[in-house]
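What follows is one structure encoded as structure tokens, with my remarks underneath.
The values are calculated or read from the model by the stated rules, or taken from the named source; none is laboratory data. Bear in mind the structure is a predicted one, so any value in this text is a computation, not a measurement. Virtual Cβ from ideal backbone geometry, glycine too; neighbours counted across all protein chains shown.
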Amino acid sequence: MIDKAAAKKQVARLSQMYGYPRGEDQKAALEELVIALQPASSEEMARNVVSSILDMATSESRCPMPAALRIAVYDAAERTATRRKCNLCEGIGFIPVSVLVTYRSTGSFDIVKSEHLTQYSYEEVIEFRKKLGPLQDILSAASPCSCLPATHHARTAA
């Protein structure tokens, strides 16, 4: 949990947004935003939460309500905790994969078939590459790790 001064500093960055609480009569609303940001585990997390809100903002965007800010903090904490525990991706969120691709024709980059080679070790993939046909290649790619939320898998698969 961060201290009140650090939370105030980050909440002040939201002042450029429409609907930011200003003036004496809005003091309680401003205080609620500060309280909503305080559960962040570090000042860096609070800064990242506010930055992500500002990065998505347009000139018509409204300042978030305390509940929305609180949810953003909890989501950030959950992502951090999940990734920190993962031994597979070591917290990156993605794992390297080799993909066997078949192109439509020579000199074309139009892929007609692709297959993840997850069952092979790196050394086996190198040996496998030596036996490829003229329209095939093995590409390196990144695949979402199982530690990421299912919603992320759906977005990357689309």
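Does any residue of region 100-114 turn out to be touching an Asp or Glu at 6+ places or on another chain (Cβ under 8 Å) and either in the same structural domain as Ser41 (by TED's automatic domain parsing) or basic (Lys, Arg) (or both)? The answer is yes; a qualifying residue exists. All of (1) under 21 Å from Gln16 (Cβ atoms); (2) under 17 Å from the mean Cα position of the chain (by Cα) hold for Glu43 with one exception: (2).
Residues of region 49-75 that are of a type outside the set (Gly, Ala, Ser) and not in a helix (DSSP H, G or I): Met56, Thr58, Glu60, Arg62, Cys63, Pro64, Met65.
Would you call Tyr120 of a type in the set (Ser, Thr, Tyr), surrounded by 11 or more Cβ atoms within 10 Å (Cβ to Cβ) and within 28 Å of Cys86 (Cβ to Cβ)?
Criteria met by Tyr120.
Are there any pairs with C-beta distances below 8 angstrom linking a residue in region 49-76 that is in contact (Cβ under 8 Å) with a residue 12 or more places away in the chain to a residue that is of a type in the set (Asp, Glu) and outside any helix (DSSP H, G or I), with the two at least 6 apart or on different chains, and if so which? Pairs found: none. Among the residues of region 76-95, at least one is more than 26 Å from Ala7 (Cβ to Cβ) and either at pLDDT 85 or above or assigned to a strand (DSSP E or B) (or both).
Against the list (1) hydrophobic (A, V, I, L, M, F, W, C); (2) part of a helix (DSSP H, G or I); (3) in contact with a Pro (Cβ under 7 Å, 6 or more places away or on another chain); (4) surrounded by fewer than 16 Cβ atoms within 10 Å (Cβ to Cβ), the condition Leu30 fails is (4).
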